[in-house]
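Below you'll find the structure, written out as structure tokens, and then a few comments.
The values are calculated or read from the model by the stated rules, or taken from the named source; none is laboratory data. Predicted, not measured: the structure shown is a model, and the values here were computed from it. All Cβ positions, glycine included, derive from the backbone under ideal geometry; neighbour counts span all protein chains shown. Remember, those area values only see protein heavy atoms, side chains included, never the ligands or the DNA or RNA. Shrake-Rupley method; radii C 1.70, N 1.55, O 1.52, S 1.80 Å.
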Amino acid sequence: MSPYLYIRPSIMIVRSIALYILFVFIAFTASAQTIKGRIIDANTNQTLPFVSILVKNTQTGTLTDIDGKFQLTIPSIQNTELQVSYLGYQPQTIALSGFQDIEKISIKLKPQAISLQEISVKAGENPAHRIIKTATKNRDKNNPEKMHSFTYNSYTKFFITADIKAGIDSVSAEDTALTKLDKFFKRQHLLLIESVTRREFLHPDKNHETVLASRVSGLKNSPFALLATQLQSFSFYDDFVTVLDEKFINPISAGSTRKYFFLLEDTLYDGKDSVFVISFRPRKNKNFDGMKGVLYINTNGYAIQNVIAEPERKETGISIKIQQKYEFMEGTQWFPVQLNTDVMWNNLTAKSKGSTKTAPLKAVSRSYIKDIVLNPQLKKRIFSEVEVEMDKHADNQDENFWNKYRIDSLSEKDKKTYYKMDSIGKAQNFEKKFKTIEALLTNKLPIGFLDLNLDKILKFNSYENTRVGLGIHTNQKLSKVFTVGGYAGYGFKDKAWKYGADASIFLWKRRELALNLFMQKDIVECGGATFFENSRSLASSEIYRDIYVSVFDHQQKYQASISFRILKYFKANVFANHQQRFGSTLYNYTTKDGTTTFRDTFTYNEVGLQLKYVYKEAFLQTMHNKISLGSSYPMVYVNIVKGFSQTYFNQTSNFDYWKFDFKMDVKKTFKTIGTTQVQILAGKVIGNLPYTMLYNNRGSNANGFKVSAINSFETMGLNEFASDQFAALFLNHNIGRFLKPNKKFNPEFELVHNMGIGSITNPQNIENVAVTSLQKGYIESGFRLLHILKLNYTTLGVGVFYRYGAYQKPKPEDNLAVKMVLSIKF
């Protein structure tokens, strides 16, 4: 037989098979139909994400997306049934022939009470553990923030509405008040925010996000569009998951199987890959800040495909749920494509006028990530310390720009919200009210081309009792090149006016180079230390020590300085000043001709360098202000001051000295043992100086009503000790909630240990103040019970502290300090 006669039939067979497959494909395509729809909760009408939909008796199926929508291609409608299942809901089998429009299918699932009872298994028997451990092992590979680089655009829609059905089965016609609310919130939202952002990331820590467009109902200009993008962690792979600034231990982290109970609920199929559906919650008798929810782990890299999670402990005033959806991009990397956050406030409610019936407010945020580029070539020079900033055109983008990024066009409800709230906002001057909120964050309230300095309005201390005043500065509306301002205040106890003025010229914006002039006639704490750009948070209890300070000097000071940024994380201030202090203490002073006299007024000429170093400190740049976002690394402050006894510009100084000050703040959260906060404070004077220029060692124990102040000696009296060289360590460790979960009374427990040491060279030269050296070392320990009583965003607790060691007092009760702990908790 000829070889040609052998090969040709094979070619004919191949052609016939190919033709047959083509006809089958055409026939299938002709008969195949695409169904579309969504799945919702039968009680609340809320959409349900990641619901399993399977064509009965096949392996054809899909999951709803994060918004509860689905799309599925099937061979035929006739005799086709869908099996719908979802954790916590009753499964259903649904015939497609019962729907008139197969592209607008709506399926309602009824909730089903489930109990995730822990199963008693031997080590290694729980099949979910193998999956979780493998996912944890692969998390660096699947974490997008471990990539070399990426960029993306995101669109976020955030709105506030009311949950009318919370706590009730239905709104009947008799519920007049709730019916009015229901109609109102069906027509419009209470608040609507949209934003478009552009993010660029370069491993390991270069990050920059620009708000390209923002729109807030009722406002023309607002930085609050940024808040909607900062509600939860970008991905679910770090040791901690952050939700509304609260940190929770990630179930996908080392050792999580000892803390969390995992249960393999289902196995789904996604092409050639499997998807494991695993529920999780903290184990019984494990007391930590954990979450509960459902993980969808894809066998392709054992990566997270979807996640639904919420804090396991229900706070009395708030409940939160987050959802994340990931997709496999370019065949190489899983990447988040949508982030959902739902927040319910039980203590913030809406009600109709004249009615007592209320409905809790609910915030809904949806972030869609698109235009993702993996591993682009990004240069380090495009990144700066400003991580988030507003584009100058962000508040003025037109509809064509918005429509390029919106997932869906605005609904009638959205349009009405903008129309109504913009009208109300103009009438009620929302712009001014929201500027007030921003002012609370920055201590500056813009009024035209002036900023009102809020920290100058009202102060309290034991020397002045109550002080009222006013401070103003020009802002960028007058000039971007310079600012001038001043302040004045009056103390009711000392019956004296204080005032000051300053001016700055901005020479180089990128390096924050500025020439500053300053003068003041004010009071200054004796033995205190100040540092460059060391503003204290209103949420920190450190500010409460100021109330008890009673020993001050009057100071008249003139200073010139140049401030600038060195490299990325260093800021410096080089200064020269002349000052005169009139004090409440006398000092034995020897003049140049040998005459010895006690004096209470001295002059000083100083030059110095102040440094601030905060590694990886990030900033938010709004249209008006630059706000620090903090850093997870230590914050270090250094002062180096040289005092001259010579006469300069007809200003004579009495002292020649060196003075060195150091401060470091560290805060670190550990997975299993809580959060540690440390402050190290030290100083040294070379030369003889009056008491006012020494160190008072930061005691905070005063007579009368007592409030705990962190980073101070809680049992040490104010001005009980004095030093010309000292070092102090303030250590606080918060172990978190220590009672069983789900209790209304569930405070946090914080351990406190403070110690310091110091010495003074010439205590005999100081009069009017009993000066004691700290050379033997001061030690105190104690604890704080935080958040015992909650009053909206303020909480009350109690602190107990005891001093011991070389400076322990004879009577035990004199070593004990019991104080109220006042906290601000959002």
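Couple of notes before you dig in:
- Tally of residues being surrounded by 14 or more Cβ atoms within 10 Å (Cβ to Cβ) and among the charged types (D, E, K, R) across region 82-107: 0
- Contact map, region 800-826: first residue among the hydroxyl-bearing types (Ser, Thr, Tyr), second residue open to solvent by 60 Å² or more (accessible area, probe 1.4 Å), Cβ cut-off under 8 Å, separation 6 or more or different chains; pairs are Tyr802/Leu816; Tyr807/Lys776.
- Contact annotation: residue pairs with Cβ atoms under 8 Å, 6 or more positions apart or on different chains, pairing a residue in region 509-538 that is within 15 Å of Ile566 (Cα to Cα) with a partner that is open to solvent by less than 30 Å² (accessible area, probe 1.4 Å) and among the hydroxyl-bearing types (Ser, Thr, Tyr), are Glu512/Ser563; Leu513/Ser563; Ala514/Ser504; Ala514/Ser563; Phe532/Ser563; Phe532/Tyr637.
- The residues listed here are Ile53, Ile40; of these, the one that is open to solvent by less than 20 Å² (accessible area, probe 1.4 Å), under 17 Å from Val294 (Cβ atoms) and not in a loop (DSSP other than H, G, I, E, B) is Ile53.
- Residue in region 626-654 that is farthest from Ala539 (Cα to Cα), counting only those that are under 35 Å from the mean Cα position of the chain (by Cα) and buried (at least 19 other Cβ atoms within 10 Å of the Cβ): Asn639
- Residue match in region 759-779 (condition: within 29 Å of the chain's Cα centre (by Cα) and open to solvent by less than 40 Å² (accessible area, probe 1.4 Å)): no
- Residue count for region 655-676 under the criterion of being more than 17 Å from the chain's Cα centre (by Cα) and polar (S, T, N, Q): the result is 2.
- For His578: the one exception among (1) closer than 27 Å to Ala722 by Cβ; (2) in a strand (DSSP E or B); (3) open to solvent by 50 Å² or more (accessible area, probe 1.4 Å): (3)
- Flag for Thr341 being more than 18 Å from Thr136 (Cα to Cα) and either of a type in the set (Ser, Thr, Tyr) or open to solvent by less than 40 Å² (accessible area, probe 1.4 Å) (or both): yes
Every residue, every condition in (1) over 21 Å from Ser540 (Cβ atoms); (2) open to solvent by less than 30 Å² (accessible area, probe 1.4 Å), yes or no:
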{"site": "Lys684", "(1), (2)": "yes, no"}
{"site": "Leu694", "(1), (2)": "yes, yes"}
{"site": "Asn701", "(1), (2)": "no, no"}
{"site": "Lys706", "(1), (2)": "no, no"}
{"site": "Ser712", "(1), (2)": "no, yes"}
{"site": "Met716", "(1), (2)": "no, yes"}
{"site": "Asp724", "(1), (2)": "yes, yes"}
{"site": "Leu751", "(1), (2)": "no, no"}
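- Neighbours by Cβ (under 8 Å, 6+ apart or cross-chain): first from region 367-378, farther than 26 Å from Ile66 by Cβ and among the polar types (S, T, N, Q); second in a strand (DSSP E or B) and modelled with pLDDT of 95 or more: Gln377/Ser149
- Residue within region 660-682 that is open to solvent by 30 Å² or more (accessible area, probe 1.4 Å) and over 29 Å from Val752 (Cα atoms) present: no
Okay, residues lined up against (1) over 14 Å from Thr136 (Cα atoms); (2) surrounded by fewer than 16 Cβ atoms within 10 Å (Cβ to Cβ); (3) among the charged types (D, E, K, R):
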{"residue": "Ile249", "(1), (2), (3)": "no, no, no"}
{"residue": "Ala254", "(1), (2), (3)": "no, yes, no"}
{"residue": "Phe262", "(1), (2), (3)": "no, no, no"}
{"residue": "Glu265", "(1), (2), (3)": "yes, no, yes"}
{"residue": "Asp270", "(1), (2), (3)": "yes, no, yes"}
{"residue": "Ser274", "(1), (2), (3)": "yes, yes, no"}
{"residue": "Ser279", "(1), (2), (3)": "yes, no, no"}
{"residue": "Pro282", "(1), (2), (3)": "yes, no, no"}
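- One residue from Ser535, Ser541 being surrounded by 15 or more Cβ atoms within 10 Å (Cβ to Cβ) and either under 30 Å from His787 (Cβ atoms) or acidic (Asp, Glu) (or both): Ser541
- For region 446-506, no strands (runs of 3 or more DSSP E) sit wholly inside it while including 1 or more residues that are free of Cβ contacts under 8 Å to residues at least 12 places away in the same chain and under 18 Å from Gln559 (Cβ atoms).
- In the condition set (1) open to solvent by 50 Å² or more (accessible area, probe 1.4 Å); (2) closer than 30 Å to Ile193 by Cβ, Ile320 is compliant with all but (1).
- Considering region 469-480, and only residues there that are open to solvent by 60 Å² or more (accessible area, probe 1.4 Å) and within 32 Å of the chain's Cα centre (by Cα), the residue that is nearest to Ala514 (Cα to Cα) turns out to be Lys480.
- Lys435 farther than 30 Å from Ser537 by Cα and either assigned to a helix (DSSP H, G or I) or modelled with pLDDT of 90 or more (or both): no
- Residue in region 344-399 that is most open to solvent (accessible area, probe 1.4 Å), counting only those that are polar (S, T, N, Q) and either within 18 Å of Leu231 (Cα to Cα) or not in a loop (DSSP other than H, G, I, E, B) (or both): Asn396
- Yes/no for Phe783 being in contact with a Ser or Thr (Cβ under 8 Å, 6 or more places away or on another chain) and over 22 Å from Leu348 (Cβ atoms): no
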